[in-house]
Amino acid sequence: MSKDTTTVVISNYLACPTHVKILNTTTKKIQTIDLKGYEEKDILRLSEKDTLAILKNYKFKLRYGNSFPIKKYDTLYNYALPFLKGKRYKIIQGHNTNFTHKGLFSKYAIDFRMNVGQTICAMRDGVVISVKEDSNRGGKGKKYYNDANYIVIYHKDGLFTQYVHLKKDGAIVKRGDSVKKQQPIGYSGNTGMSTEPHLHFGVYKMTPKGFASLPYLLDSIPSGKYIKGKHAYNN
């Protein structure tokens, strides 16, 4: 900060790219700035010296990924089943359902029935960018939506995987950890908006509207083939 200006600096503490949207509440103009993994950048130089005035006049929103949708990613990558070798679990919800797997975020998700405490494994090599494991609340209503524990992993082609409804204190990795495909990362649970203990997971890309789920190859099988009532075997 000089005598007449204040510099606003943002630090990306994640291994993945992020972007920040800056809304000028007076002019209503929005500025978008992209950040590389672990990058620090000056984003505003302002005449205001009062921090409270800056927070009043500008709104900041940070999101995972680049501000522009990635156009190329590995569509043929073979993701691993998210559980241990020698285990099998029943599919209780697949793609495009009228229950919760609908819309941009969850259209291509899959749910496996897993008792509380079953081991969850990474589907692909990557870096952990987010972990929530402090919740012990869960139930059928939407009021429980934000109570879900989860792990999010970033992958080298710009995609993300997410593993949801973990038990309280059920993560065995932390933000910044590098993980290998099929490495144990946590334990299943029943937190968040959930009707029974299970693992909800999916593959995502960032879009201007947020995370968008994608279809993918899961254990050499198109993810759309994982249909409710069938079992998945990790041989």
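The values are calculated or read from the model by the stated rules, or taken from the named source; none is laboratory data. What you see is a predicted model; the values in this text were computed from it and never measured. Note: ideal-geometry Cβ built from the backbone for every residue, glycine included; neighbour counts use all protein chains shown. All accessible areas refer to the heavy atoms of the entire protein, side chains included, with ligands and DNA or RNA removed. Shrake-Rupley method; radii C 1.70, N 1.55, O 1.52, S 1.80 Å.
Taking the range 191-235 and the strands (runs of 3 or more DSSP E) fully enclosed by it, no element has 2 or more residues that are of a type in the set (D, E, K, R). Identify all residues within the range 128-142 that are open to solvent by 30 Å² or more (accessible area, probe 1.4 Å) and either at pLDDT 95 or above or of a type in the set (Asp, Glu) (or both); write none if there are none. Residues satisfying the conditions are 131, 132, 133, 134, 136, 137, 138.
Would you point out the residue of the range 180-191, among those that are open to solvent by 20 Å² or more (accessible area, probe 1.4 Å) and in contact with a Ser or Thr (Cβ under 9 Å, 6 or more places away or on another chain), that is nearest to residue 93 (Cα to Cα)? By that ranking, first place goes to 187. Entry remark, the range 26-53: residues being over 13 Å from residue 10 (Cα atoms) and either among the aromatic types (Phe, Trp, Tyr) or modelled with pLDDT of 85 or more (or both) number 6 in total. Residues that are exposed (fewer than 14 other Cβ atoms within 10 Å of the Cβ) and within 20 Å of residue 94 (Cα to Cα) do not occur anywhere in the range 162-175. Between 55, 44, 84, the distinction of being open to solvent by 40 Å² or more (accessible area, probe 1.4 Å), of a type outside the set (Val, Ile, Thr) and free of Cβ contacts under 8 Å to residues at least 40 places away in the same chain belongs to 55 only.
Just one of the listed residues (213, 194) is open to solvent by less than 60 Å² (accessible area, probe 1.4 Å), over 17 Å from the mean Cα position of the chain (by Cα) and touching a residue at least 12 places away in the same chain (Cβ under 8 Å), namely 194. Residues in the range 82-110 that are out of contact with any Lys or Arg (no Cβ under 7 Å at 6 or more places or on another chain) and either among the β-branched types (Val, Ile, Thr) or closer than 14 Å to residue 215 by Cα (or both): 97, 100, 102, 103, 105, 106, 107, 108, 109, 110. Quick check on the range 74-104: of everything there that is of a type in the set (Lys, Arg) and out of contact with any Gly (no Cβ under 8 Å at 6 or more places or on another chain), which residue is modelled with the lowest pLDDT? Looking at residues that are of a type in the set (Lys, Arg) and out of contact with any Gly (no Cβ under 8 Å at 6 or more places or on another chain), I get 102. Kindly establish whether residue 70 is surrounded by 15 or more Cβ atoms within 10 Å (Cβ to Cβ) and β-branched (Val, Ile, Thr). It is false that residue 70 is surrounded by 15 or more Cβ atoms within 10 Å (Cβ to Cβ) and β-branched (Val, Ile, Thr).
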